[in-house]
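Please read the structure below before turning to the comments.
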Amino acid sequence: MTETGVVVIGGAAMGASLAFWLTRMEPGLPVTVIEPDPSYARSCTALSAASIRQQFSEPVNVAISRFGVEFIRDFARWTGPAGGVPSLGFRENGYLFLADSAAEAERFEALAAMQRSLGAATVVLTPAEIAARFPWIEVAGLQAGSFGPRDEGWFDNMGLVTGLKAAARAQGAQFLRGRVVGLDRDGDRIVAARLEDGSRIAADRFACAAGTAAGAVLRMAGADLPVEPRKRTVFVVDAPKVRQPDAPLIVDPAGYWMRPEHGQWLTATVPDRDGPCDPQDFAPEADEFEALIWERIWARIPDFDQARVTRVWAGHYDFNPVDHNGLVGRHPDLDNMFLLNGFSGHGLQQAPAVGRGVAELMLTGGYVSIDLSDLSAARLTSGARSREQAIV
Ligand SMILES: Cc1cc2nc3c(=O)[nH]c(=O)nc-3n(C[C@H](O)[C@H](O)[C@H](O)COP(=O)(O)OP(=O)(O)OC[C@H]3O[C@@H](n4cnc5c(N)ncnc54)[C@H](O)[C@@H]3O)c2cc1C
């Protein structure tokens, strides 16, 4: 049996971020990250749309994204030369949430005020203002658009992981190829992780950054966590009459999102029968574009009449069906198990702040920079929870 200080289960965005912050805050701390697939082929991180926004309904998520954008914008300074990634190529095109009812437009005003009070730049546009900024959007039937003119856009997802990992390694973290298949428990503490190859690693503290597998990992210790995989199919679409490289990420109440990517568009929807999927099923739902997306975009963007799918992939959201928010911090029943889970489709942008917050909690016993206690899994039993409304 080997021994380490902290075992991190899963080494994509969340695991790499936690390892980075732990070894930055406490040089010399032995941190071992266990990851079965360093190609990350099926991770949320690699299959994500890699976007960041300030427009959330829960203040804690806005605070997390305030730091997220600072970190992403200035990635090379945070990770240093050892990170080896000079830029995450942040495209600051903004998000545009559209409203087609007066009640939704009113809600946008209240949310924008809350977001601005936390430092975001959200403005609520009238239909005429939307048409003036984005003349290729049909505004008939719209009541308002909530737009983030700065601090929102998209970035290089794998650059984030590569840079965090390299910097964490340079600070002393060890990344081990392996799969955790068991957790040995003594009372309310985990004492060791068992790996697929038969080895065991003992540690003082453990962290679960296993994405959609978080529930399965916690069950290894006889504990529970409501995280399930939800399949999302992403289409790359060429619409030759609508090349808008400066377009924002549009979230339409008709039921899809879209954003520009290298002269084409990325788009996806929530399937009609959404629910937990087979964790091994990554087959794209190829008919969703014609059945659920194309005509809706066409109604909003008349020049989208010519559109051709050039590529498609499916990924799994790390979905928390209870309230669509991350489950972060100490597990209520396991004293030395820390969670970075359940981000419900917005975890990539949250990796910098959540990794830093959990490192603070592990090393000092409390949050120092951003109070993430609203995301504590204790809310699952206390009932003190508030559902994130802005789920894309
Ligand atoms: C289609 C799609 C679009 C998205 N768009 C966005 C977006 O625009 N913006 C945004 O912020 N977020 C987005 N997300 C969500 C975001 O990608 C995730 O929330 C985030 O990447 C979660 O990171 P993670 O490190 O927790 O999980 P993952 O990236 O899934 O990593 C978990 C890792 O744990 C490893 N693991 C699993 N089981 C074990 C085990 N037993 N032992 C050891 N390791 C294990 C896996 O191999 C994996 O590498 C999107 C997700 C999808 C699928």
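Bear in mind that the values in this text are calculations on the coordinates, not laboratory data. The model shown is predicted, which means the values in this text are computed figures rather than measured ones. When we count neighbours, we look across all protein chains shown, and the Cβ atoms used for this are built from the backbone with ideal geometry, even at glycine.
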- [ ] Convert each backbone phi in segment 184-189 into a coupling constant with the Karplus relation 6.51 cos²θ - 1.76 cosθ + 1.60 (shift: θ = phi - 60°), then list the ³J(HN,Hα) values in order as whole Hz, x for Gly and Pro.
- [x] 8, 10, 10, x, 9, 10
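Once you keep just the Cα pairs under 8 angstrom separated by 6 or more residues, what percentage relative contact order results for segment 1-129? List each step's numbers first, then the result.
On the way: 107 pairs, mean separation 24.7, N = 129.
Relative contact order of segment 1-129: 19 percent.
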- [ ] Provide the descending list of Cα extents for segment 296-344 along its principal axes, expressed in whole angstroms.
- [x] 57, 21, 13
Task: Rounded to 10°, Cα long-axis angle of helix 13-25 versus longest principal axis of the chain - done: 60
Open item on the list: Skipping prolines and chain starts, which residues have an amide H placed within reach, meaning under 5 Å, of the one on G345, given they are 5 or more residues away or on another chain?
Closed with: D318
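Would you mind working out the magnitude of the charge dipole of segment 271-312 relative to its Cα centre, with +1 at each Lys and Arg C-beta and -1 at each Asp and Glu C-beta, to the nearest 20 Debye?
With only Lys, Arg, Asp and Glu charged at Cβ, the dipole is about 220 debye.
What do you get for Rg/Rh over segment 37-100 if you use C-alpha atoms and the Kirkwood form of Rh?
Working: Rg = 14.4 Å, Rh = 14.0 Å.
Rg/Rh: 1.03.
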Task: Amide H within-cut-off set for E152, under 5 Å, with H built and near neighbours excluded - done: G94
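For Cα pairs less than 8 Å apart in space and 6+ apart in sequence, what is the mean separation divided by the residue count of the chain, i.e. the relative contact order in percent? Intermediate results must be reported in sequence, preceding the final value.
Details: 917 pairs, mean separation 89.7, N = 392.
Normalised by residue count, the contact order of the chain is 23 percent.
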Open item on the list: Can you tell me what percent of all Cα-Cα pairs in segment 73-138 are more than 18 Å apart?
Closed with: 57
Task: For the chain, alpha-carbon Rg and Dmax in angstrom - done: 20.9, 67
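Tell me the Kirkwood hydrodynamic radius of segment 47-193 in angstroms, computed as one over the mean inverse distance between distinct C-alpha pairs. It would help to have the intermediate numbers written out before the result.
Details: mean 1/r = 0.0552 Å⁻¹.
Hydrodynamic radius (Kirkwood, Cα pairs) of segment 47-193 is 18.1 Å.
Length gain on complete extension for the stretch A291 to T310, per 0.36 nm per residue less the alpha carbon to alpha carbon distance? Mind showing how you got there, number by number?
Details: separation 19, 0.36 × 19 = 6.84 nm, distance 1.67 nm.
Once the chain is fully extended between A291 and T310, it gains 5.2 nm.
Could you state, as a whole-number percent, how many of the C-alpha pairs of segment 2-77 are farther apart than 13 Å? Show your work: numbers first, answer last.
Values: 2117 of 2850 pairs.
Everything past 13 Å amounts to 74 percent.
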Task: Gyration tensor over alpha-carbon atoms, segment 234-279, equivalent ellipsoid semi-axes in Å - done: 24, 12, 8
Open item on the list: Please report Rg (one decimal) and Dmax (integer) in Å for the Cα set of segment 265-347.
Closed with: 17.4, 57
Task: Kirkwood hydrodynamic radius (C-alpha pairs) into Stokes-Einstein, segment 305-392, 20 °C and 1.002 mPa s, D in µm²/s - done: 148
Task: DSSP beta bridge pairing in the chain, given as percent antiparallel to the nearest 5 - done: 70
- [ ] Find which of A120, A140, V181 sits farthest along the positive direction of the dipole of segment 103-218, computed with +1 on the beta-carbon of Lys and Arg, -1 on that of Asp and Glu, about the Cα centre.
- [x] V181
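How much mean residue ellipticity at 222 nm does the chain get from its helices, if each DSSP H run of length 4 or more adds -39500 (n - 2.57) and you divide by all residues, to the nearest 500 deg cm²/dmol? Let's see the in-between values first.
Working: 11 runs with 109 residues, N = 392.
-8000 deg cm²/dmol, from helical runs alone.
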Open item on the list: Using only the alpha-carbon atoms, what does segment 212-341 span along each of its principal axes? Please give whole angstrom values in decreasing order.
Closed with: 57, 27, 24
